[in-house]
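Each remark here refers to the structure printed beneath this line.
Throughout, read-outs are computed from the coordinates displayed, never taken from laboratory work. All figures in this text were calculated on a predicted structure; none of them were measured in a lab. Methodologically, a virtual Cβ is constructed for each residue, glycine included, from the backbone with ideal geometry; neighbour enumeration extends over all protein chains shown.
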Amino acid sequence: MKETGEWYKVSESVEAIPFNEKKIALVEVAGKKICVINTAAGLKACTNRCPHAGGNLSEGFIDNKGNIVCCVHYYKFNLNTGRDALNEGYFLKTYPVKTTEEGVFVRV
Ligand code: FES
């Protein structure tokens, strides 16, 4: 798959990311509000805006399948594919994340 976008540094290290108690951090990258999530499968990133009706996903939580759950109407989204768990056609914008010796980066 063709890579698009640029890598933006969001933190000096994983430990320096201000995760909340749900392991979600809201950061601003290139003028966009992005959630960085510390999952069992590693760091994930997605837009803060819920594709259902605009809720703040940074106020949501991660279910036991690793989906991010919006607290407004409890839609769930796969952080790898962006698809909603009920397959209703809502699509969450996700972003690649990488960690290097220089810090944590999100490609936007
Ligand atoms: S706004 Fe997120 S589930 Fe409705």
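Once you place label points 7 Å from the Cα toward the Cβ at THR81 and GLU6, how far apart are they in nm?
Inter-label distance under the simple model: 3.3 nm.
Provide, as a two-decimal number, the C-alpha radius of gyration of the stretch 1-89 over 2.2 N^0.38 Å, N being how many residues it has. Could the numbers behind the result be given before it?
Values: Rg = 12.9 Å, N = 89, 2.2 N^0.38 = 12.1 Å.
Rounded to two decimals, the normalised Rg is 1.06.
For the chain, what does the relative contact order come out to in percent, with C-alpha contacts under 8 Å and a separation of six or more?
Working: 220 pairs, mean separation 30.0, N = 108.
The normalised contact order for the chain reaches 28 percent.
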